[in-house]
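One structure is given here, and the rest of the page talks about it.
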Amino acid sequence: MSGHRVAAITRRLLQQFRRDRRTLALLFVAPLVILGLLGYLIRGSTSSPAVGIANEDQGQLGAMFASALERSSLITATTIQASDGDAKLKDGSLVAYIVFPADFSSRAQAGTIAPELHLEGSQPGTSAPVLQALQQALTSVAATGPVHFEPQVHYLYGGPGFDTLDYFGAAFIGFVVFFLVFVITIVAFLNERSQGTLERLMASPLRRGEIVMGYMLGFTVLALIQSAEVLVFSLAVLKVHNQGNVILIFAIEALMALTAVNLGIFLSMFARTEFQAVQFIPLVIVPQVLLSGILFPVSTEPKPLQVVSDVLPLTYAVNGLRDVMVKGADLTWSSLQLDAGVVAGFCVVLIVAGVATLRRRIA
Amino acid sequence: MAEAFAVDIEGVHKNFGGLRALDGVNLHIKTGEIYGLLGPNGAGKTTLIRAIVGLVAPDAGTVTVLGRRMPDVDNLRNVGYMTQQAALYPGLSVEENVQFFAAINGAEEEDVTEALKLVRLDDRRKSVVATLSGGMRQRCSLACALVHKPKLLLLDEPTVGVDPQLRVQFWDDFRRMAASGTTIIVSSHVMDEAERCQRLGLIQYGRVLAEGSPNEVRALAGTSNLEEAFLKLAGAKAS
Ligand SMILES: Nc1ncnc2c1ncn2[C@@H]1O[C@H](COP(=O)(O)OP(=O)(O)OP(=O)(O)O)[C@@H](O)[C@H]1O
Ligand SMILES: [Mg+2]
């Protein structure tokens, strides 16, 4: 292995990127756009679901519930007639309506609190806040009676302000870096093949390992800059919840980026054209988005899919990033040691596989 | 004494599926000689050159370059290879391209300047390759192949798209390099270029049909020019 020749490849790659504005934009602007959009989507939403309240109760309890619901920040409550409810669900002006029937108070006296909840039902996401608001109303109504219901809530991790963005953010930091670095590596390496320069490299004293190493270093430099940028943006601008050591997060991202580079090099050996290389993108990215625990926790997946999740590098990186950012894990945690170790292992295996599959021969 | 031959090809066969790209090629190319590989499209010229650098693995036979059996990665530092398609990094400048190939072949910065002067691109060294004309790209590609002053220079149709004046200059340069001990193998289908080679190998269907100096080839075919000689020899073998 000659350091001089490795450096020549790395230098050349960086020279190429310096001139390639569009790719630079993809590397350094796209992640901010993606993360910024995600943050806005999750935290910028202003309207809470519209819910109609029809109070037909002949006792007091219905009115107490209704006013508790009106105060709830989870929904936007309006008073309606129960008979209009279904029409309003149909025309889309309400996502749900709640009826407190005439015998609501009297049945409550007998021990059954039975409000009627009518849901539009075609959008599962909007039902949850309605149910939650109803539950909160119950809690606040109960507090006015002789029995006080006051749960003392303690969080091991997160906290009352911990939201969806905090949960997804940790995983997305890893994913965005992985995705963009992978795409750029696979295309750049394939370009080398299709423009004929790989043939030239193979007819030079370059060793295969030197080519892979030179590529790895070049892309790692870019990936590290990108990781740092994504991290600063997530923590400083999006204010994603972080309990852990920033250096540790950066280290996991860097490991992730290295894995993506080597996966890109390795897979580009199996593509003859750029078009074929692009086909690898959904093949590699979609399973990892669905199964690496970014969206759904791996532990709740069906068993056969868990087996698949267990062999995806992103699963471990996402888990590690969440442990650090949400739970404040450090390297003394055995779970983090495992995650970091597995990602590092993937990286080494892919380097070896890349070097082994890079053929000197054209035929 | 094997060293007398810069390239020694013995009984090389190469099949691509059912296609015989090289069909028992024997070539002995002397040190400091300009050897022309002549043949129609698909004759096997590129395949033969690739076999010499070790990019194509022969199914049978041996290739020896500068006294060493190929494939031999270390031996490639003595070899310069100009591919048929001008294989360059289009996003880099002329200078950056040549510097890169210099670096991986262990050449110095002075060699870069020298190579650029040789192909008359020193005034365009800062130009991005994608913005060059086809002939200039071809010249840049040549500079990349010879920047490290290889002992063996393999040129796969180097003068395609190069204007006639520059072509004449190129051949003067080739001859100067050969005189200083560089062995040059050039593939071509241009007959007036063939005329400038010291020895020719006429190739068709992966076989060497005839070999010798331009005069010998003409005499062999009994014709007055190379073009006719080639057509006659090719026709004789085919029938
Ligand atoms: N990698 C390959 N796979 C399959 N067939 C190939 C391959 N390379 C070359 N061939 C075939 O081998 C034959 C010789 O090709 P080659 O490129 O050596 O011809 P050539 O003499 O260089 O032609 P040209 O003057 O057009 O450059 C052709 O029929 C070609 O189709
Ligand atoms: Mg050819």
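The values are calculated or read from the model by the stated rules, or taken from the named source; none is laboratory data. Since this is a predicted model, take the numbers as computed values, not measurements. So basically every Cβ, Gly included, is an ideal-geometry build from the backbone, and we count neighbours across all protein chains shown. With ligands, DNA and RNA removed, areas are computed over all heavy atoms of the protein, side chains included. Shrake-Rupley method; radii C 1.70, N 1.55, O 1.52, S 1.80 Å.
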**OP:** Could you work out, for the protein assembly as shown, what percent of all Cα-Cα pairs fall into each 10 Å distance bin, beginning at 0 Å and stopping at the bin that holds the largest distance?
**Re:** 3, 14, 18, 16, 13, 11, 8, 6, 5, 4, 2, 0, 0
Original post:
Check B:Ala210: other-chain or 5+ apart residues with amide H under 5 Å from its amide H, H built from backbone geometry?
Top reply: B:Leu202
**OP:** At a 1.4 Å probe radius, which order do A:Thr112, A:Thr79, A:Thr357, B:Thr159 fall into by accessible area, largest first?
**Re:** A:Thr79, A:Thr112, A:Thr357, B:Thr159
**OP:** Name the residues of region A:315-363, by number, that are at least 30 Å² less accessible with every protein chain in place than in the isolated chain; the surface is that of heavy atoms, probe 1.4 Å, without ligands or nucleic acids.
**Re:** A:Arg360, A:Arg361, A:Ile362, A:Ala363
Subject >> Rounded to the nearest 10 Å², the accessible area of A:Tyr157 at probe 1.4 Å >> reply: 80 Å²
**OP:** Treating only the Cβ atoms of Lys and Arg (+1) and Asp and Glu (-1) as charged, compute the dipole magnitude of region A:164-362 about its Cα centre; round to the nearest 20 debye.
**Re:** 660 debye
Subject >> Rel. contact order, % - alpha carbon contacts under 8 angstrom, at least six apart, region A:164-362 >> reply: 35 percent
Subject >> For chain B, accessible area per residue (1.4 Å probe, heavy atoms of protein chains only), Å² >> reply: 40 Å²
Original post:
Under the definition of partner shielding as Cβ atoms of other protein chains within 10 Å of a residue Cβ, what is the mean value for peptide A:72-78?
Top reply: 0
Subject >> Accessible area of chain B belonging to carbon and sulfur atoms, whole % at 1.4 Å probe >> reply: 51 percent
Original post:
Taking every residue in B:91-104, how many Cβ atoms of other protein chains lie within 10 Å of its Cβ, on average?
Top reply: 5
Original post:
Per the 1.4 Å probe, what fraction of the accessible area of region A:50-155, in percent, lies on carbon and sulfur atoms?
Top reply: 53 percent
Subject >> For the protein assembly as shown, with +1 on Lys and Arg beta carbons and -1 on Asp and Glu, the positive-most of B:Ala229, B:Leu55, B:Ala43 along the dipole >> reply: B:Ala229
Subject >> Cα-based helix-to-principal-axis angle, B:164-179 vs chain B, degrees rounded to 10 >> reply: 80 degrees
Subject >> Share antiparallel - DSSP beta bridges, chain B, percent rounded to 5 >> reply: 55 percent
Subject >> Area buried, chain B against chain A - accessible surface, total, 1.4 angstrom probe, square angstrom >> reply: 2800 Å²
**OP:** Binning at 10 Å from 0, report for region A:164-362 what percent of all alpha-carbon pair distances ends up in each bin.
**Re:** 9, 35, 34, 17, 6, 0
**OP:** As a check on your grasp of the helix formula, calculate [θ] at 222 nm for the protein assembly as shown: sum -39500 (n - 2.57) over DSSP H runs of n ≥ 4, divide by the residue count, round to the nearest 500.
**Re:** -17000 deg cm²/dmol
Original post:
Within 10 Å of each Cβ of B:75-88, how many other protein chain Cβ atoms are there on average?
Top reply: 3
Subject >> Assigned charges on the beta-carbon of Lys, Arg, Asp, Glu; region B:17-150 dipole about Cα centre (debye) >> reply: 380 debye
Subject >> For region A:172-205, residues shielded by at least 20 square angstrom of accessible area compared with the chain on its own, probe 1.4 Å >> reply: A:Gln195, A:Gly196, A:Thr197, A:Glu199, A:Arg200, A:Leu201, A:Ala203, A:Ser204, A:Pro205
**OP:** State the Kirkwood hydrodynamic radius of chain B in Å, one decimal place, computed from all pairs of distinct Cα atoms.
**Re:** 18.2 Å
Original post:
Using only the Cα atoms of region A:50-155, what do you get for the radius of gyration and for Dmax, in Å?
Top reply: 14.0, 43
Original post:
Percentage of Cα-Cα pair distances in region B:107-221 greater than 23 Å, rounded to whole percent?
Top reply: 35 percent
Subject >> Only Lys, Arg (+1) and Asp, Glu (-1) charged, at Cβ; the protein assembly as shown dipole about Cα centre in debye >> reply: 1920 debye
Subject >> Amide H contacts of B:Lys30 (H built 1.01 Å from N, under 5 Å, at least 5 apart or other chain) >> reply: B:Ala6
**OP:** Enter the accessible area per residue of chain A (Å², integer; probe 1.4 Å; all protein chains in place).
**Re:** 48 Å²
Subject >> Rounded accessible area of A:Phe168 (nearest 10 Å², 1.4 Å probe) >> reply: 40 Å²
Subject >> Antiparallel %, DSSP beta bridges [both residues in the protein assembly as shown], to 5 >> reply: 50 percent
Original post:
Which pairs in the list A:Lys90/A:Lys327; A:Lys88/A:Lys239; B:Lys30/B:Lys232; B:Lys14/B:Lys151; B:Lys126/B:Lys151; A:Lys239/A:Lys303 are over 32 Å apart, alpha-carbon to alpha-carbon?
Top reply: A:Lys90/A:Lys327; A:Lys88/A:Lys239; A:Lys239/A:Lys303
